[in-house]
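Accompanying notes for the structure given below.
The values are calculated or read from the model by the stated rules, or taken from the named source; none is laboratory data. All figures in this text were calculated on a predicted structure; none of them were measured in a lab. Please note: Cβ atoms are built from the backbone with ideal geometry, for glycine as well, and neighbour counts cover all protein chains shown.
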Amino acid sequence: MTASLVDYLVEHRGIESNYTDAWGKPTTISNTTKEKLLHLMGYQVDNPQALIEQVEEEANQSWLAPLGPVQVVRSHEDLHIAVRLPIELVDDEYQAVITTEQGENVCCSFIPIDGQLTNVVHIEDIEFQEYVVQLEVSLPLGYHSLSLQVDGDELASTLLIIAPDSCYKPQSIQDGNKVWGVSVQLYCLRSENNWGVGDFTDLAFLVDKAAKQGAQFIGLNPIHALYPAQPEVCSPYGPSSRRWLNFIYIDVTKVEGFADSTVQALVNAPEFTQKLALVRDTDSVDYETITDLKLTALETIFEYQNTRFLSKNTKMNRAFKQFVTEGGSSLQTIAVYDALQESLSDKGLPSWGWPVFPEELSDFDKPAVKSFSKKNKKRIKFFMWLQWQAAMQLEQANQVANANNMSIGLYRDLAVGVSEGSAEIWGNKELYCIDASVGAPPDELGPLGQTWGLPPMDPEKLYQQQYQPIIDLFRSNMHASGALRIDHVMALLRLWWVPKGDDATEGGYVYYPVDDLLGILALESHRNESMVIGEDLGTVPPEIRDKLAENGVYSYRVFFFEQAKDGGFYSPSHYPTQSMATLTTHDMPTLKGYWDCLDLVLGKELGLYPNPEVLENLYHSRHRNKQAILDTLHGHRSVNEEVGTDVNYVGMSRALNFGMQKHLAGGASELLSLQLEDWLEMDKPVNVPGTSSEYPNWRRKLTKDLQSIYSDEALNALALDLTKIRKRVSM
């Protein structure tokens with residue numbers, strides 16, 4: 001009985017028993033792993049009787065609710081609802097009263113028994129029947145409330161989401177234009193005026209210069225909120241909250257009040273200016289010092305604004321209060337968390353995340369947290385103010401893109417999860433399986449598999465919360481941008497869960513309600529006029545790529561992975577039109593690093609290739625691939641005789657580097673993204689997957705400042721060539 005019940009739960013909760021790995025090999029998930037995953041979801045698999053009672057209780061609760069919590073319907077589909085009722089009530093007449101997002105009411109009467117009977121159960125000798133009923137109604141796109149009523153009394157309600165068939169696409173792209181843009185890690189940018197880390201003013205400068213060269217977008221790393229009290233925790237892919245911004249990108253000099261004498265006295269003090277000069281000159285971002293400098297200056301500016309404007313009935317205060325109101329409990333959560341973490345750190349108490357907070361502070365809803373909030377009201381206001389300033393400066397950068405008529409403008413990046421000690425989990429623990437981590441089975445980017453330290457959302461809890469956390473994520477990350485890149489887009493279909501303490505190879509896939517999530521994605525995409533790019537690398541089941549394409553999500557095609565079985569590289573002219581093409585990514589070596597095998601050298605030093613035979617095979621494979629690349633470049637006349645044809649005698653050169661970029665520009669992909677690191681012929685990667693403290697990930701700056709980059713004649717010529725090539729292939 002228990003074995004069959006476990007098998008039922010494995011299927012019911014979307015745990016995959018078999019999958020095909022990155023090399024096309026069928027792989028089976030062990031029974032032990034499947035039971036561990038069920039345990040992570042809260043099932044008492046080690047107690048047969050308790051498990052039976054638990055499953056029965058869940059089933060009963062589901063049947064006792066006449067309607068499910070949420071339903072996603074595409075605009076072309078008929079509206080059907082499933083209604084569960086005791087048998088003696090199924091032939092009564094009911095009303096479905098729909099209140100649209102615009103406040104209009106639509107009423108449909110129906111008798112459940114006239115619909116299609118789909119299921120029957122008995123609960124304590126009462127027979128319940130489920131009918132699927134079609135409602136003859138036409139609804140606009142949006143989020144609507146459906147109330148099930150009888151004689152004017154409400155029995156149940158559900159959120160009804162009417163979504164378009166596919167994601168938004170700008171008119172320029174619909175007209176056949178193929179465009180290019182630059183992708184950057186914002187923190188890597190150097191400039192004459194920033195404080196040792198790229199900021200939103202740098203971004204606005206980059207947008208303006210790139211647009212004038214013909215670029216149609218600037219792609220960003222995730223700019224999610226991190227941890228002001230833990231500045232060295234700097235991975236943009238392990239944030240504290242994906243709804244809010246990293247304050248470190250604020251240009252302090254552009255905040256109103258910077259010119260005040262008190263602020264000027266602070267920033268012009270010898271100790272301050274000395275530290276500022278040091279963080280500007282280093283080749284790696286010094287997060288700790290920069291955070292200290294920016295917080296110190298911003299605190300002083302906040303005092304200026306708070307005294308003069310934010311404590312009175314002023315235009316500025318009204319705007320700030322509106323921002324706080326719109327931010328709701330989510331903004332309150334991140335601000336309280338930042339203040340609380342800072343307070344614990346200042347006292348020398350464990351503070352890296354809520355798992356080490358004192359028990360009375362380990363949850364946002366605890367009484368002690370409410371007490372802390374009252375006592376530290378001004379500090380919490382400061383952290384909300386930081387979010388306000390960051391949001392305004394991001395919007396200003398986006399306005400520069402609009403002023404330059406960029407067809408896309410900014411494109412943001414949504415991380416696949418938040419870290420274990422994040423504010424996002426602290427504020428909604430029920431949603432997350434905190435004893436698991438998202439990761440990946442072994443693949444080309446991570447031959448040992450990967451565990452990212454990001455607890456996954458429980459798909460059932462997400463459904464019970466009416467998908468609101470996902471709606472909020474899509475909406476907030478599409479704000480002030482023309483495109484959203486979803487990191488590890490397979491998460492919409494399935495995620496690799498690894499139980500805490502286990503090796504990455506001992507995980508398993510858990511499925512998510514992909515059709516519902518894609519519907520919500522399409523709706524928010526249209527509302528925000530933001531196209532969507534899905535990072536579909538690694539172990540990708542064929543069905544997800546087809547489904548993404550049908551839903552208007554752009555595929556992500558990396559040149560080095562577009563390889564035929566015979567070892568040759570596909571011509572970019574054969575890439576899907578609905579795709580973004582790129583040469584490298586933040587998880588890969590630069591062009592120079594790839595060609596010189598510096599990633600393999602570094603991987604050996606870091607212990608990523610403990611088997612010498614595996615490493616030797618990788619060197620041989622790289623040698624063959626480089627020859628195949630030369631063959632395809634010469635075959636398509638993307639390089640001239642300056643670049644040789646024999647890999648044994650061809651090193652990385654500017655001619656080869658630029659030739660590869662132009663080769664990709666001539667392809668079929670509607671979008672082309674190129675990295676500034678490759679424009680600058682840099683050799684060091686920004687991130688090495690599978691490492692943490694072994695390599696200084698997320699710190700390496702660009703080798704030139706922005707002003708130098710855009711005064712470089714060779715780089716300007718490259719950009720203009722890219723624009724010409726893209727226009728030519730658009731014809």
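Which is among the aliphatic types (A, V, I, L, M), surrounded by 15 or more Cβ atoms within 10 Å (Cβ to Cβ), under 31 Å from the mean Cα position of the chain (by Cα) and farther than 15 Å from Leu386 by Cα, of Val252, Val267, Val263, Val279? Don't jump to the end; show me each part of the working.
Details: Val252 fails: farther than 15 Å from Leu386 by Cα; Val267 fails: under 31 Å from the mean Cα position of the chain (by Cα); Val263 fails: under 31 Å from the mean Cα position of the chain (by Cα).
Of the residues listed, the single one that is among the aliphatic types (A, V, I, L, M), surrounded by 15 or more Cβ atoms within 10 Å (Cβ to Cβ), under 31 Å from the mean Cα position of the chain (by Cα) and farther than 15 Å from Leu386 by Cα is Val279.
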Of these, Gly607, Gly603, which one is surrounded by fewer than 18 Cβ atoms within 10 Å (Cβ to Cβ), out of contact with any helix residue (DSSP H, G or I) (no Cβ under 6 Å at 6 or more places or on another chain) and either at pLDDT below 95 or not aromatic (Phe, Trp, Tyr) (or both)? Gly607
All-but-one check, Leu155 against (1) farther than 22 Å from Ile223 by Cβ; (2) surrounded by 17 or more Cβ atoms within 10 Å (Cβ to Cβ), failing number (2)
Can you name the residue in region 467-512 that is touching a His at 6+ places or on another chain (Cβ under 9 Å) and not polar (S, T, N, Q) and, of all such residues, is surrounded by the most Cβ atoms within 10 Å (Cβ to Cβ)? Leu495
Condition check: under 21 Å from Arg412 (Cα atoms) and among the aliphatic types (A, V, I, L, M). Does Leu583 satisfy that? yes
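So how many residues does region 610-662 have that are part of a helix (DSSP H, G or I) and either of a type in the set (Asp, Glu) or in the same structural domain as Gly176 (by TED's automatic domain parsing) (or both)?
3
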Yes/no for Ser166 being out of contact with any Lys or Arg (no Cβ under 9 Å at 6 or more places or on another chain), part of a strand (DSSP E or B) and not β-branched (Val, Ile, Thr): no
For region 77-96, enumerate the residues that are β-branched (Val, Ile, Thr) and crowded, with 18+ Cβ neighbours inside 10 Å. Ile81, Val83, Val90
Which residue pairs have Cβ atoms under 8 Å apart, sit 6 or more places apart or on different chains, and have a first residue in region 550-566 that is free of Cβ contacts under 8 Å to residues at least 12 places away in the same chain and a second that is among the hydroxyl-bearing types (Ser, Thr, Tyr)? Ala564/Tyr570
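Yes/no per residue for (1) touching a residue at least 24 places away in the same chain (Cβ under 8 Å); (2) in a strand (DSSP E or B); (3) outside the structural domain of Leu394 (by TED's automatic domain parsing):
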site	(1), (2), (3)
Leu159	yes, yes, yes
Glu192	yes, no, no
Gly196	yes, no, no
Thr201	yes, no, no
Lys209	yes, no, no
Ile218	yes, yes, no
Pro222	yes, no, no
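Go through region 224-254 and give me each residue that's of a type in the set (Lys, Arg) and either in a helix (DSSP H, G or I) or over 29 Å from Thr582 (Cα atoms) (or both). If you could, list the steps in order and put the result at the bottom.
Filtering region 224-254 down to residues of a type in the set (Lys, Arg) leaves 242-243, 254.
Within region 224-254, Lys254 is the sole residue that qualifies.
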If you check Tyr168 against the conditions, is it under 30 Å from Met531 (Cα atoms), in contact (Cβ under 8 Å) with a residue 40 or more places away in the chain and in contact with a helix residue (DSSP H, G or I) (Cβ under 7 Å, 6 or more places away or on another chain)? yes
Looking only at region 395-444, filter to residues that are under 29 Å from Thr33 (Cα atoms) and of a type in the set (S, T, N, Q); which one of those is surrounded by the fewest Cβ atoms within 10 Å (Cβ to Cβ)? Asn428
Name the single residue that is farthest from the chain's Cα centre (by Cα) among those in region 545-557 being surrounded by 20 or more Cβ atoms within 10 Å (Cβ to Cβ) and not in a loop (DSSP other than H, G, I, E, B). Arg557
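Looking at Phe302, is it at pLDDT 95 or above, under 26 Å from Tyr227 (Cβ atoms) and either in contact with a Phe, Trp or Tyr (Cβ under 6 Å, 6 or more places away or on another chain) or among the basic types (Lys, Arg) (or both)?
So Phe302 fits the description; yes.
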Can you confirm whether Val400 is in the same structural domain as Val255 (by TED's automatic domain parsing) and in contact with a Lys or Arg (Cβ under 7 Å, 6 or more places away or on another chain)? no
Filter result for Ser240 (surrounded by 16 or more Cβ atoms within 10 Å (Cβ to Cβ), under 34 Å from the mean Cα position of the chain (by Cα) and of a type in the set (S, T, N, Q)): yes
In region 698-731, what count of residues is obtained for those that are within 25 Å of Ala204 (Cα to Cα) and in a loop (DSSP other than H, G, I, E, B)? 9
Name the residues in region 299-353 that are crowded, with 16+ Cβ neighbours inside 10 Å and of a type in the set (Val, Ile, Thr), would you? Thr300, Ile301, Val324, Thr333, Ile334, Val336
Within region 52-78, can you find the residues that are within 24 Å of Pro513 (Cβ to Cβ), of a type outside the set (D, E, K, R) and over 29 Å from the mean Cα position of the chain (by Cα)? Gln54, Val55, Ala59, Asn60, Gln61, Ser62, Trp63, Leu64, Ala65, Pro66, Leu67
Restrict the check to region 351-362 and report whether at least one residue is closer than 25 Å to Ser476 by Cα, assigned to a helix (DSSP H, G or I), assigned by TED's automatic domain parsing to the domain that holds Ile218 and of a type outside the set (Gly, Ala, Ser). yes
In region 534-588, which residue that is in contact with an Asp or Glu (Cβ under 9 Å, 6 or more places away or on another chain) and of a type in the set (Asp, Glu) is farthest from Asp443 (Cα to Cα)? Glu550
Would you be able to tell me the number of residues in region 559-590 that are surrounded by 19 or more Cβ atoms within 10 Å (Cβ to Cβ) and assigned to a strand (DSSP E or B)? 5
Some residue of region 357-366 being more than 26 Å from the chain's Cα centre (by Cα), of a type in the set (S, T, N, Q) and over 23 Å from Phe247 (Cα atoms): no
Restricting region 444-486 to residues that are in a helix (DSSP H, G or I) and of a type in the set (Asp, Glu), the one nearest to the chain's Cα centre (by Cα) turns out to be Asp472
